[in-house]
Amino acid sequence: MPVEQLQLKLQQNKISLSDAIVEALSYLRKKESDQTLGWLVNELQGYSNAMDFYSQPNHGLPDYRIVNGSLRLLGKDGDMADLNHELANRKQYFLSAPISWLEEFASLPGDISVVELPDLASAVHAGHVVLQLPKPQLIRILNEVHARLLLLLDKDQKAQ
């Protein structure tokens, strides 16, 4: 689809962010910097270096993906339990999940979202680690990526 059509679908919320990023990557591959393309790929696939957030003060990860929440352990029966680990004492966490996961979690009913954090599961040597957070924080992330993608497409269209 042409860039203009992609922009319009994105503005009208007639395409998911993850699908829009896939489309945008095909247009922008030879036009944008490696840094910009890397950002799009990270949004699409998730941030593989998310543990840097917990270990390095200058982690280089996008601030808009930092959220407040409670780290919990999700049982097989769906019950959540407190997690006994130093990471559970933090106030802020980095959501490394692919944008499609965030879109899915944001679409579920309720005011509280539960997001999987597989990168932390290995760090705390526990099973299914999740983060409970207010849904507006997920919406904020999605809105930020949406706005940045629209700006990127607009810049590309004006450059033609």
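Observations on the model:
- The residue list Asp77, Asp19 contains one member that is among the acidic types (Asp, Glu) and modelled with pLDDT under 90, which is Asp77.
- Scope segment 13-44; condition exposed (fewer than 14 other Cβ atoms within 10 Å of the Cβ) and among the charged types (D, E, K, R); matching residues: Lys14, Arg29, Lys30, Lys31, Asp34
- Being at pLDDT 95 or above, open to solvent by less than 30 Å² (accessible area, probe 1.4 Å) and farther than 21 Å from Gly127 by Cα is a condition met by no residue of segment 45-58.
- Within segment 91-121, the residues that satisfy the criterion of being open to solvent by 80 Å² or more (accessible area, probe 1.4 Å) and either assigned to a helix (DSSP H, G or I) or charged (D, E, K, R) (or both) are Lys91, Trp101, Glu104, Ser107, Asp111.
- Among the conditions (1) assigned to a loop (DSSP other than H, G, I, E, B); (2) under 21 Å from Val145 (Cα atoms), Asp77 misses just one, which is (2).
- Flag if Glu86 is farther than 30 Å from Gln35 by Cα and open to solvent by 80 Å² or more (accessible area, probe 1.4 Å): yes
- Residues that are among the polar types (S, T, N, Q) and in a helix (DSSP H, G or I) were ranked within segment 139-160; the one that is modelled with the lowest pLDDT is Gln157.
- Arg140 meets each of the listed conditions (1) within 13 Å of the chain's Cα centre (by Cα); (2) surrounded by 17 or more Cβ atoms within 10 Å (Cβ to Cβ) apart from (2).
- Condition met for Gly78 (over 17 Å from Ala50 (Cα atoms), open to solvent by less than 50 Å² (accessible area, probe 1.4 Å) and over 16 Å from the mean Cα position of the chain (by Cα)): yes
- Spans of helices (runs of 4 or more DSSP H) in segment 7-70 with at least 3 residues under 15 Å from Leu149 (Cβ atoms): 17-28, 34-45
- Selection of first residues in segment 129-150 that are at negative phi and of second residues that are acidic (Asp, Glu) and surrounded by fewer than 19 Cβ atoms within 10 Å (Cβ to Cβ), restricted to Cβ pairs under 6 Å at least 6 apart or on distinct chains, gives the following pairs, ordered by first then second residue: Val130/Glu116; Lys135/Asp111.
- There is at least one residue in segment 126-133 that is surrounded by fewer than 17 Cβ atoms within 10 Å (Cβ to Cβ) and at pLDDT 85 or above.
The values are calculated or read from the model by the stated rules, or taken from the named source; none is laboratory data. Note that this is a predicted model, so its numbers are computed, not measured. With ideal geometry, Cβ positions are generated from the backbone for all residues, glycine too; neighbour counts draw on all protein chains shown. The area values use the complete protein model at the heavy-atom level, side chains included, leaving out ligands, DNA and RNA. Shrake-Rupley method; radii C 1.70, N 1.55, O 1.52, S 1.80 Å.
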